[in-house]
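Novice: Quick one: the structure is below, questions incoming.
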Amino acid sequence: MKLGNKFWNVLSYEGLVSLESLYGFKYQNYQFENVKTSQSFITGALGYKSKNYILHPNLIKLNIDLYYDLKTGESDYIQFPDQSEVRDLKKVYINASIFDTRPVSLLMYTNRSRVVHNREDLTDIYLNNKINGAILRVRNSFAPFSFTAEKSVNIQEEIQSKRTYNYENILYQIKSSTNISDRNNSYIDVSYKSKTQTSNIFGKIYNNIFDANFRNQLAFDADRKYTLNTFIRDFSHEQNGIQSSNFLIQENAFLKLPYSFTLNTNYNFRNSTTAGNKISSNQIIGRLSHQLFLSLGSQVFMDYLKSTQPAMCQNVFAVGGKIDYQKNIPFGKLFLGGGLSQRNVSTDSKGLSRNVYDEQHEISDGTITMLNEPFVDVNSIIVTDITNTVFYEPNLDYIIHERGDYIEIQRVPGGLMANNSLIYVDYSSIQLGSNSYTLNTGLFSAQLFLFNSFLNLYYKSSINEYNDIYNVNPATLNYLTQNIYGVRVKTGIINAGVEYEEHLSRLFPYYMTRYFFNLNSRYKKIIFSGNCSYQLADYFDANEYRNFYSFSSSVSYRINQYSGLNFNAFYNKQDGSNIYIEMLRLKCEYDLNIRRLKGKLSIEYYDQIYYETKLNLFRLSLKLIRRF
């Protein structure tokens, strides 16, 4: 519906009014100190969204999104753990687009919000965000580009730990792409970022980042049998006066050869400087693959890497091959695979301390993250996010375990470090002088699918052996014999399985057993979903264990087209290796939806044991929302 006059015109609008009544209590026990808090309040919210234009639809478009939550009652809100829950939300978002359909257009936007939410059911967080920005776009057939300027402020406070973070960011960015022909296209992305992080843990940290990226894709023929991909990056980072830089060139050539052969070659060059420490590396990789029909695939490869830095030069040369075979058999399919490789490592070192920067790892619950180098100075370890601007704090965000001559990094749930995230680790390690060794690796896998994939049996094995060892402590070499046995059953509603792993490593041996069971079913008006898993890791050499339990289920029942009942249950437990977390969450809801009126009555219970802290919460709430 269009409203307005010649100057201001409303294309569409939507508003809402909500009313919520809540009663809740929190019981907390920490180091024999009991604290009980109760709360009741009535909160109302107003929301408004509209799409507008000024004078003409192609001149200025204006989108408005407003939301204001006002409550009465006690000032302190008991945040109930729920990863999807956002409370005390106050938001103002406005964007204006000028000449949106023209070759040159401008988008300006501003965003203000205040949010209270919960991280991983463990940590309550206050967030205040302010964002102002503009994007200039120039459209043409040869090289369209955009220019972005943005300033943002993010203030974050962890309620339990009292950690505070203030992020002030300024961004200038240019993006452009061009298609010289159907076979050649390029992309450029150049940005400058100024990031200032202030916290009550690390103080104030200044970051100035320049990042220039160039990509080019070139096909030498119409069928793209022969292609060349180029990537060039120039990155520089100044942090509190300390300079670092990284210049990278990657070339990838792909050739589709006769007789079902393909050749894939890569050249990587890297030249980086961090705190005066210069690292240079050259790498050449070649892979020749062959596919015989659909049943037999094979590949041989070669990899050469030369890396130099002060007081050390390392050469790595690897060759190997693998074969994959699949065969239709009665009642199913058989998959077999295997490979052999040899890696020769030669290091010329003066036996001094070596500084390692930006060593990348993916950190996940239930997996082991070990630093690459032995003999690490624990006091030198610095862990950051992938941007090198967020610093993680030991014992709050991660835990360090000494495993012989190596170091393991373990994430703390509820901290800043998210599960399944990428991190950078800086540290210094002691070098033992010039050394060399040869690593021989063998891989084998077998997988059997039966009865239209109803039953899946699989086995995987891996072996690491070393020879030609010179001036290397054998205790630091990862001699490994790994065997994984598994079975999985899958039907239309059930997916279940069990897996057992023998990881007989000289560095960190363990036995691990994993179970999982998933059920999804529907019967008339009832929808049920349930997932449970259990993982037990026995680190017998270190006399340690880790248990991971997880269970979640949901049941939905539609009473009629206007109303329904929903029940959700969640249980999670981690035990072992300096971590003990146990959580139980139950939630029952009755929802009503009649045209533009929505109502929800919910009862929630939460029980948590987090190290030495015990927490119980209960909440009863009623919420009504009317849209117009």
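The values are calculated or read from the model by the stated rules, or taken from the named source; none is laboratory data. What you see is a predicted model; the values in this text were computed from it and never measured. For neighbour counting, all protein chains shown are included, and Cβ atoms are generated from backbone atoms with ideal geometry for every residue, glycine included. The area values use the complete protein model at the heavy-atom level, side chains included, leaving out ligands, DNA and RNA. Shrake-Rupley method; radii C 1.70, N 1.55, O 1.52, S 1.80 Å.
Novice: By per-residue mean of other Cβ atoms within 10 Å, what is the highest-first order of 407-416, 462-471?
Specialist: On the way: 407-416: 20.6, 462-471: 13.7.
Ranked by mean Cβ neighbours within 10 Å, highest first: 407-416, 462-471.
Novice: Could you please state, rounded to a whole Å, how far the C-alpha centre of the range 415-450 is from the C-alpha centre of the range 8-24?
Specialist: Using only Cα atoms to place each centre, the spacing works out to 52 Å.
Novice: Suppose R0 equals 22 Å. What FRET efficiency, 1/(1 + (r/R0)^6) with r the Cβ-Cβ distance, do Asn240 and Thr148 give to the nearest 0.05?
Specialist: On the way: r = 26 Å, r/R0 = 1.19.
Step by step, r from the Cβ atoms, then E = 0.25.
Novice: I need the calculated FRET efficiency for the pair Phe331 and Ser521, taking r as the beta carbon distance and R₀ as 22 Å, to the nearest 0.05.
Specialist: Values: r = 26 Å, r/R0 = 1.19.
The pair Phe331/Ser521 has a calculated efficiency of 0.25.
Novice: When the Kirkwood radius is taken over all Cα pairs of the chain, what Stokes-Einstein diffusion coefficient follows at 10 °C and 1.306 mPa s, in µm²/s?
Specialist: On the way: Rh = 29.7 Å.
Using the Kirkwood radius from Cα pairs, D works out to 53 µm²/s.
Novice: Viscosity 1.002 mPa s, temperature 20 °C: give me the Stokes-Einstein translational D for the range 435-577 in µm²/s, with Rh taken as the Kirkwood radius over C-alpha pairs. Don't jump to the answer; show the numbers that get you there.
Specialist: Working: Rh = 18.7 Å.
Rounded to a whole number, D works out at 114 µm²/s.
Novice: Just to check I understand the Karplus step: with θ = phi - 60° and J = 6.51 cos²θ - 1.76 cosθ + 1.60, what whole-Hz values come out for the range 187-203, glycine and proline as x?
Specialist: Ordered by residue, 3J(HN,Hα) equals 9, 10, 9, 10, 9, 10, 10, 10, 10, 10, 10, 10, 9, 7, 9, 9, x Hz.
Novice: OK, next. Suppose R0 equals 60 Å; then what is the FRET efficiency for Tyr611 and Lys6 from their Cβ-Cβ distance, rounded to the nearest 0.05? Don't skip to the answer; put the middle values down first.
Specialist: On the way: r = 65 Å, r/R0 = 1.09.
After rounding to 0.05, the efficiency reads 0.35.
Novice: Determine the share of the chain's accessible area contributed by carbon and sulfur atoms, expressed in whole percent, with a 1.4 angstrom probe.
Specialist: Values: 19720 of 34270 Å².
It is 58 percent, rounded to a whole number.
Novice: Follow-up question, since we're still on this one. Just check the range 375-459 against the gyration tensor rule for me: Cα atoms, a ≥ b ≥ c as the square roots of the eigenvalues, rounded for a/c under 1.5, and otherwise prolate or oblate depending on whether a/b exceeds b/c.
Specialist: Numbers: a/c = 3.05, a/b = 1.43, b/c = 2.13.
It comes out oblate by the Cα gyration axes.
Novice: Can you find, among His56, Leu422, Thr178, the residue farthest towards the positive end of the dipole of the chain? Put +1 on the C-beta of Lys and Arg, -1 on that of Asp and Glu.
Specialist: The Cα lying farthest towards the positive end belongs to His56.
Novice: Using the Cα centre of the range 306-453 as the reference point, and only Cβ charges (+1 on K/R, -1 on D/E), how large is the resulting charge dipole? Debye, rounded to the nearest 20.
Specialist: Details: 9 positive and 15 negative charges, 176 e Å.
So the magnitude is around 840 debye.
Novice: Here is a follow-up. Report the one residue of Tyr580, Gly564, Ala149 whose Cα lies farthest in the direction of the positive end of the charge dipole of the chain (charges on C-beta: Lys and Arg +1, Asp and Glu -1; origin at the Cα centre).
Specialist: Comparing the listed Cα positions along the dipole, Gly564 ranks first.
Novice: Starting from the Cα-Cα distance between Lys278 and Arg558, subtract it from 0.36 nm times their residue separation and give me the gain in nm to one decimal.
Specialist: Details: separation 280, 0.36 × 280 = 100.80 nm, distance 6.50 nm.
The Lys278-Arg558 span can extend by a further 94.3 nm.
Novice: Taking the Cα centre of each part, how many Å lie between the range 176-253 and the range 566-617?
Specialist: 43
Novice: Does the range 364-506 come out rounded, prolate or oblate, given a ≥ b ≥ c as the square roots of the eigenvalues of its C-alpha gyration tensor, rounded meaning a/c under 1.5 and, failing that, prolate meaning a/b above b/c? Each step should come with its number before you reach the end.
Specialist: On the way: a/c = 3.16, a/b = 1.32, b/c = 2.39.
In terms of gyration-tensor shape, oblate.
Novice: Once the piece of chain linking Tyr590 and Phe628 is laid out straight, how much longer is it, given 0.36 nm per residue of separation minus the C-alpha distance between them?
Specialist: So the extension gain works out to 11.4 nm.
Novice: Here is a follow-up. Pop a pseudo-label 7 angstrom from the Cα along the beta-carbon direction at both Tyr259 and Ile159 and give the gap in nm to one decimal.
Specialist: With each label point 7 Å from Cα toward Cβ, the separation is 7.0 nm.
Novice: Here is a follow-up. Using a 7 Å offset from the Cα along the Cα-to-Cβ direction at both Tyr93 and Ile205, what is the distance between the two label points in nm, to one decimal?
Specialist: 2.9
Novice: Would you calculate the separation in nanometres between label points at Leu620 and Tyr48, each defined as 7 Å from the Cα along the Cα-to-beta-carbon direction?
Specialist: 3.6
Novice: Also, quick follow-up: Does the range 220-281 come out rounded, prolate or oblate by the C-alpha gyration tensor, with a ≥ b ≥ c the root eigenvalues, rounded set by a/c under 1.5 and, if not, prolate when a/b is larger than b/c and oblate if not? Before the final figure, lay out each step's value.
Specialist: On the way: a/c = 6.95, a/b = 3.27, b/c = 2.13.
Prolate.
Novice: In addition: Using a 1.4 angstrom probe, figure out how much accessible area the chain has per residue, in square angstrom, rounded to the nearest whole.
Specialist: Details: 34270 Å² over 628 residues.
Using a 1.4 Å probe on heavy atoms only, each residue of the chain averages 55 Å².
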